[in-house]
Structures are given as C-alpha cells and as structure tokens.
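The structure appears below as structure tokens.
The values are calculated or read from the model by the stated rules, or taken from the named source; none is laboratory data. Worth saying up front: this structure is predicted, and the values here are computed from it rather than measured. Positions of Cβ are backbone-derived with ideal geometry, glycine not excepted, and every protein chain shown enters the neighbour counts. Keep in mind that these areas ignore ligands, DNA and RNA; they rest on the heavy atoms of the full protein, side chains included. Shrake-Rupley method; radii C 1.70, N 1.55, O 1.52, S 1.80 Å.
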Amino acid sequence: HTHPGEEISYILEGQGEILIDGQPPLKVKAGDSFIVPAGAKHDAHNTSSKPLRLVAVYVVQKGKPMATPAP
C-alpha cells in the first residue's frame with residue numbers, strides 16, 4: 001500500500017522487516033525507527049515469535065485517504 005504523506009514509526013516490541021519499494025529490506029527491532037517516504041509502496045513482516053508492535057505518525061495531505069492499495 002501507499003500513503004499520500006510520510007509514515008514515521010518507532011518499534012515498541014518485537015522484530016520485523018520493512019519492505020520499501022526501491023530500497024533494500026530494513027531489519028528493525030525494539031527501539032528502532034524508520035520513515036516511509038510519501039507515495040512509496042511498502043509492507044512489513046514480523047520476523048519473531050513476539051508480536052511486532054509499533055507507534056506510527058502519518059503526515060498526510062488533508063482530505064486524502066490514509067492509505068491506498070498498491071497496484
């Protein structure tokens with residue numbers, strides 16, 4: 001999926017892999033943060049036996065949908 005603005009996330013618990021189109025896979029763990037650029041296709045996968053919990057802030061254009069499925 002994509003967002004019409006940036007996604008800024010902080011990992012609270014677990015481990016995962018963030019997949020952002022055009023970038024190598026990003027391995028993250030509790031305490032890490034990452035930014036998904038506006039319009040970038042992306043996905044996330046849990047890579048541990050614990051839940052992958054994160055806090056995300058979205059800075060998107062007013063009136064735009066929060067997320068759009070990627071083609």
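Taking the Cα centre as origin and putting +1 on Lys and Arg beta-carbons and -1 on Asp and Glu beta-carbons, what dipole magnitude results for the chain, to the nearest 20 debye? If you can, show how the numbers build up before the last one.
Details: 7 positive and 7 negative charges, 26 e Å.
Dipole magnitude for the chain comes out near 120 debye.
With respect to the cross-link table entries 29/50; 27/62; 29/62; 29/64, which display a Cα-Cα separation exceeding 22 Å? All intermediate terms of the calculation are to be shown ahead of the outcome.
Details: 29/50 11 Å; 27/62 31 Å; 29/62 31 Å; 29/64 30 Å.
Violating the 22 Å Cα-Cα cut-off are 27/62; 29/62; 29/64.
Using only the Cα atoms of the chain, what semi-axes does the equivalent ellipsoid have when each is the square root of 5 times a gyration tensor eigenvalue? Give whole Å, largest first. Present the calculation step by step, with values, prior to reporting the outcome.
Details: eigenvalues 93, 35, 20 Å².
Over the Cα atoms of the chain, the ellipsoid semi-axes are 22, 13, 10 Å.
With a 1.4 Å probe and every protein chain kept in, tell me what percent of the accessible surface of the chain is carbon plus sulfur.
Numbers: 2620 of 4650 Å².
C and S atoms contribute 56 percent here.
How much area per residue is accessible in the chain when the probe is 1.4 Å and only protein heavy atoms are counted (Å²)? Write out the running numbers ahead of the final one.
Working: 4650 Å² over 71 residues.
Heavy-atom SASA per residue in the chain reads 65 Å².
Which whole-Hz ³J(HN,Hα) couplings does the stretch 64-71 yield from phi under the Karplus relation 6.51 cos²θ - 1.76 cosθ + 1.60, θ = phi - 60°, glycine and proline marked x?
Karplus-based 3J(HN,Hα) across the stretch 64-71 equals 8, x, 4, 8, 10, x, 7, x Hz.
Quick query: amide H of residue 44 versus all other amide H atoms, modeled in the peptide plane; which residues come in under 5 Å with a sequence gap of 5 or more or a different chain?
Placed amide hydrogens put 19 under 5 Å from residue 44.
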